[in-house]
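First up is the structure itself, then whatever we jot down about it.
The values are calculated or read from the model by the stated rules, or taken from the named source; none is laboratory data. All of these numbers come straight from a predicted model, not from anything done at the bench. No Cβ is skipped: glycine too gets one built from the backbone with ideal geometry, and neighbour counts run over all protein chains shown.
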Amino acid sequence: MKAFDSRPLRLLFIFEYGQRAGDPMTVSLIHSLKTRLPGLRISCVHGVFSKYRPGGLHPERLVNFAWTYLCVALRLLFSRPDAVLVRTAPPGVQLWTVWWARWRGAPTFCWLMDYHPEMEARQLEKRGQAWAARILRRIDAALMPRFAAIVALDPAMAAVARARAAGVEVLEHPTWETNGSAALTPVAYRPGQGAGPLRFAYSGNLGMAHDLTTFSALLGELVRTRQVQLCVIGASAAGEERFRKLGAERGIAIETHPRVPFGDLRDLYNRRQIDVGLVLLSDESSGLVSPSKFSAYINFGLPLVYVGPPGSNTAEVCARFRGGFHLANGASPAEIAAVAERLLDPRQMTEAATGARAAAAHFAALNSESLSDLLAPRIVRASDKS
């Protein structure tokens, strides 16, 4: 950690939920930035409602959208911060922010969590509204190059950002759990070594970015040899229904649990004797969202099954650390059979659990401290230039 000697800076932080909602990453990043930049003054723009509501068209989300956009315009119209850091919620607020900030000469940094408006552009194309998708992409391409720097969550997202923001520095940094290395306590049993059913866990929501087709084929291969169970934690009602339908089709038991705090997941995994964690991502979502739920497994020594495209942090867990098994969407029957065989091999499951713990140690070191080390000197340099 390094503290940077500089004049007291005023940083405007923009995020739909701000730090008042207790978002661990926001709170820890603000604390780390203040440690590195003595005298840093941070003011926040956020929505009216602080509790997260899934679904972009939920009335509370729409109110937050309108209020945040209005407050960004007013704040940048009547004041000039030394720098701006904007997180990409509500959708597209980063583009709205950098447009207003340019009139005040305030360097703006983008914390790219979900790639709006490209997500909406792809949905419009699927609905046959290519003309509207082109408009969104032109706006994105015109405004993204105006950022001082962009933080992307994984290599795939960084590649999309670099394509849209030529000449802008793109930094790669994943999300993190604030428990850090203190949470790296493996489950009390040995995953994959039990004689009973093979038990999967899926922790998180199941949205449009998640395709079950290839996972369904993997289950079909597994149940030829062994019983399979799936524990679904924190999914929406619609997500639970999709999993129940899958269970009925493949003859596997589905158990659902409400969302639990990250620190309580280990106890749940211990009670249910979970063998492997599941991460899903559709090809069309590559570079637009970055699966973060992999940390909910590897931090407790669970190997992964990742069904999705390369370029994500989850793919790195499987390839670099051998902490899991990666299948592409639409994998061939031979590829699916090979992964099924590995999942049923106690020796390979032991090796994967060891790799998962190594990956957890690596990602635990990437947190608010390391992101602040990247951002703090750049904020100082950009504000000095402006």
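Picking from 219, 212, 246, which residue would you name as being in contact (Cβ under 8 Å) with a residue 40 or more places away in the chain and not small (Gly, Ala, Ser)? Residue meeting the stated conditions: 212. Taking first residues from the range 280-297 that are over 23 Å from residue 367 (Cα atoms) and partners that are of a type in the set (Phe, Trp, Tyr), the Cβ contacts under 7 Å between residues at least 6 apart in sequence or on separate chains come to 280/215. Scanning the range 306-339 for residues that are surrounded by 24 or more Cβ atoms within 10 Å (Cβ to Cβ) and either of a type outside the set (S, T, N, Q) or outside the structural domain of residue 273 (by TED's automatic domain parsing) (or both) yields 306, 307, 308, 315, 317, 318, 323, 324.
If you go through the range 70-98 and pick out every residue that is hydroxyl-bearing (Ser, Thr, Tyr) and surrounded by fewer than 18 Cβ atoms within 10 Å (Cβ to Cβ), you end up with 1.
Here's the yes/no breakdown for (1) under 18 Å from the mean Cα position of the chain (by Cα); (2) in contact (Cβ under 8 Å) with a residue 24 or more places away in the chain:
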position	(1), (2)
28	yes, yes
37	no, yes
44	no, yes
63	no, no
70	no, no
84	no, yes
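Checked against the criteria, residue 288 counts as among the aliphatic types (A, V, I, L, M) and under 16 Å from the mean Cα position of the chain (by Cα). Annotation: residue 152 fulfils all but one of (1) assigned by TED's automatic domain parsing to the domain that holds residue 274; (2) in contact with an Asp or Glu (Cβ under 6 Å, 6 or more places away or on another chain); the unmet one is (1).
Applying the set (1) touching a Lys or Arg at 6+ places or on another chain (Cβ under 6 Å); (2) at pLDDT 95 or above to residue 204 leaves exactly one unmet item: (2). Within the range 193-207, the set of residues being more than 22 Å from the chain's Cα centre (by Cα) and touching a residue at least 40 places away in the same chain (Cβ under 8 Å) comprises 193, 194, 196, 197, 198, 199.
If the condition is being aliphatic (A, V, I, L, M) and either under 22 Å from residue 244 (Cβ atoms) or surrounded by 22 or more Cβ atoms within 10 Å (Cβ to Cβ) (or both), then the range 256-288 contributes 260, 265, 268, 274, 276, 278, 279, 280, 281. Among the candidates 138, 102, the residue that is touching a residue at least 12 places away in the same chain (Cβ under 8 Å) and of a type in the set (D, E, K, R) is uniquely 102. In the range 208-239, of all residues being more than 25 Å from the chain's Cα centre (by Cα) and part of a strand (DSSP E or B), the one that is surrounded by the most Cβ atoms within 10 Å (Cβ to Cβ) corresponds to 228.
What number goes with the only condition from (1) crowded, with 16+ Cβ neighbours inside 10 Å; (2) out of contact with any Asp or Glu (no Cβ under 6 Å at 6 or more places or on another chain); (3) at pLDDT below 90 that residue 20 does not pass? Unmet for residue 20, out of (1) crowded, with 16+ Cβ neighbours inside 10 Å; (2) out of contact with any Asp or Glu (no Cβ under 6 Å at 6 or more places or on another chain); (3) at pLDDT below 90: (1).
Taking the range 59-83 as the range and being more than 15 Å from residue 12 (Cβ to Cβ) and touching a helix residue (DSSP H, G or I) at 6+ places or on another chain (Cβ under 9 Å) as the test, only 65 passes. If you go through the range 366-380 and keep only what is crowded, with 22+ Cβ neighbours inside 10 Å, of a type in the set (A, V, I, L, M) and under 17 Å from residue 27 (Cα atoms), you end up with 371, 375, 376.
Scoring residue 113 on the criteria (1) out of contact with any Ser or Thr (no Cβ under 6 Å at 6 or more places or on another chain); (2) over 18 Å from residue 378 (Cβ atoms); (3) surrounded by fewer than 21 Cβ atoms within 10 Å (Cβ to Cβ) leaves a single failure, condition (1). Checking each residue in the range 270-301 for being of a type in the set (A, V, I, L, M), assigned to a strand (DSSP E or B) and closer than 12 Å to residue 204 by Cβ picks out 278, 279, 280, 289.
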